[in-house]
1. Let me check something: with ligands and nucleic acids excluded, how do Leu356, Leu228 order by accessible area (1.4 Å probe), largest to smallest?
2. Quick one: if you take sqrt(5λ) for each eigenvalue of the C-alpha gyration tensor of the range 165-384, what semi-axes come out, biggest first, whole angstrom?
3. If you stretched the chain out fully between Leu310 and Asn162, how much longer would it get, using 0.36 nm times the residue separation minus the C-alpha to C-alpha distance?
4. Rank these by accessible area, largest first, 1.4 Å probe: Val370, Val42, Val219.
5. For the residue pair Asp347 and Lys278, what label-to-label distance in nm results when each label sits 7 Å from Cα along the Cα-to-beta-carbon direction?
6. When the Cα centres of the range 259-282 and the range 190-208 are compared, how far apart do they sit, in Å?
7. Anyone know which of Arg189, Arg338, Arg120 comes out most mobile in the 10 Å Cα GNM of the chain?
8. With point charges of +1 on the Cβ of Lys and Arg and -1 on the Cβ of Asp and Glu, referenced to the Cα centre of the chain, which listed residue (Ser15, Gln161, Thr218) lies farthest in the positive direction of the dipole?
Amino acid sequence: MPKFLILFGNTALLSKLEFEALYPNLTLEPLEDQLYAFESEVDLVEEMIDVLGGTVKIFTIVKELANTLTNEELVEEIVAFLLAQSKEPYFTFSQIGKGQREISNADIKDLIKENGKKARYFSSELSESALLSHHSEATEILSYRHQAEDKLLLAQLKSVQNIDDWTKRDRSKPYADRKKGMLPPKVARMMVNIALGLWKQKNQGQPLLYDPFCGTGTVLLEAGMRNLDVCGSDIDQNAVFGTRDNLEWFKQEYNKTIQSKVFYGDASHLDLANFSRKADLLVTEPFLGKQTPLDHELANVFRGLEKMYLGSFKSFAKVLNNGAIVAIVFPRVETSKRTYSLDGLIDKLKTKGYNLLVDPVLYAREGARVARQICLFSFSDKDNI
Ligand SMILES: C[S@@+](CC[C@H](N)C(=O)[O-])C[C@H]1O[C@@H](n2cnc3c(N)ncnc32)[C@H](O)[C@@H]1O
């Protein structure tokens, strides 16, 4: 079976969960912080880059070489590969892994020149060159010294995330409310995919996804990208109208025919009458408290949030199917003295039918006072009746 390298974004733990939830039959082999290897049929890999929110690039392993290869020999391999690929190579080369000795793009170009051929290159950081690689016809090559297997892997970029399209959904939708905090679309997509993947491992059919704190509808749009029927609500009427506008824009822009419904409602007093059917996936980022709370306010803020979360979880039970998956953001604040979180809620939720599936994954934006903890639960209504 063909082998691939996959480069995750900077929330590698969440990206890995996303991959494993959607592709439970594939095994990820950890190589470096954000780099993993896997084997798969090519067909499955074709769709991955558009499906996954947490993956930056996928490379095909084109050659497995001896780890004893000198730099000069490696440059010769790369040049032979490039000259076999295109008339005038336009390329970039990066190396990852311990024991690498620097090879520059210029070294490769020089040898191509010595072969009487022309070449151009661009240089950039591996994870940051996504935009350039996405726009250009360039050949991107990566070498990885696999110490454990005593091999040197040479890989060629197969697919790269379409940054323009992610930015479009983030920036061009008609309604935005940055004061309230909007979930980055890639994080929303990862949460949707993890919930969807886990649900599909035990259920069949077309699940309904619900976001009870929909805000601007980021989660609903990403679920729409996965062709799911969606339903959302919010206690703010502007958010309700805004999310409806965003969904109409999304359906037109992406030519989607998904079912959607958005209504006004308090998440802690939900009414099943608002739903066409019970939901199978609940993916949401609730109110996380103010964005920059002062130290002395935190104890109170978290007490209030715990009460709101608990009330909401009790209310979710009315509208969730047995076996539903919940992917939800919990707030977390670290001060010099202590950490404030809602971890204490997790045990209480067990008695309400919610079982934590994996350890919460932290997603913290640089400089943000309130970090997000992504928590995953399965819901069983049996314990609850
Ligand atoms: C952090 S924002 C969600 C942002 C959303 N994920 C996005 O990307 O646009 C939280 C939302 O929860 C809503 N909200 C706060 N308390 C609520 C409640 N009790 N019931 C329903 N919605 C509530 C707020 O109006 C706000 O739109």
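1. Result, largest first: Leu356, Leu228.
2. Its equivalent ellipsoid spans semi-axes of 25, 22, 16 Å.
3. 49.5 nm
4. Val42, Val370, Val219
5. The two pseudo-label positions are separated by 2.8 nm.
6. Value for the Cα centre distance between the two parts: 18 Å.
7. Result for the chain, Cα springs under 10 Å: Arg338 fluctuates most.
8. Thr218
The values are calculated or read from the model by the stated rules, or taken from the named source; none is laboratory data. All figures in this text were calculated on a predicted structure; none of them were measured in a lab. Note: ideal-geometry Cβ built from the backbone for every residue, glycine included; neighbour counts use all protein chains shown. Remember, those area values only see protein heavy atoms, side chains included, never the ligands or the DNA or RNA. Shrake-Rupley method; radii C 1.70, N 1.55, O 1.52, S 1.80 Å.
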